[in-house]
Amino acid sequence: TLDSATRKAYTSASTRTPTAVMVENIAKNPSAAELTTLEGFLVLAGGGPVKSGDETIGAIGVGGAPSGALDEACAIAAIDANAELLK
């Protein structure tokens, strides 16, 4: 789970997009599935960009919950809990 969390964070930071959104986009546009072959990427829910204003300054990745939806909820909760620090 440590590796998957790291790869989700890397994927989200690199694309400035939540990984759950990437999953949806790939489902709608199969040609985008090539993104899953990029080294270090993991296109599963649970990664979210960390932003200060409109600028992506990093990302968080969560792995290990029984579902990607729970991983994503944990990532969002962590970002939201630190929102004051990100202004």
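The values are calculated or read from the model by the stated rules, or taken from the named source; none is laboratory data. Just so you know, these numbers come straight off a predicted model, no measurement behind them. Cβ placement follows ideal geometry from the backbone for every residue including glycine, while neighbour counts extend to all protein chains displayed. Quick note on the areas: whole protein, heavy atoms, side chains included, nothing else; ligands and nucleic acids left out. Shrake-Rupley method; radii C 1.70, N 1.55, O 1.52, S 1.80 Å.
Table for the structure above
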item	result
Close pairs from region 22-47: first in contact (Cβ under 8 Å) with a residue 12 or more places away in the chain and within 22 Å of residue 3 (Cα to Cα), partner open to solvent by 90 Å² or more (accessible area, probe 1.4 Å) and of a type outside the set (S, T, N, Q), Cβ under 6 Å, at least 6 apart	40/10
Neighbours by Cβ (under 6 Å, 6+ apart or cross-chain): first from region 50-61, over 12 Å from residue 9 (Cβ atoms); second surrounded by fewer than 16 Cβ atoms within 10 Å (Cβ to Cβ) and of a type outside the set (S, T, N, Q)	52/86
Qualifying helices (runs of 4 or more DSSP H) (wholly inside the chain; at least 3 residues being surrounded by 16 or more Cβ atoms within 10 Å (Cβ to Cβ) and touching a Ser or Thr at 6+ places or on another chain (Cβ under 8 Å))	2-15, 19-28
Scope region 37-52; condition farther than 11 Å from residue 19 by Cα and not acidic (Asp, Glu); matching residues	37, 38, 40, 50, 51, 52
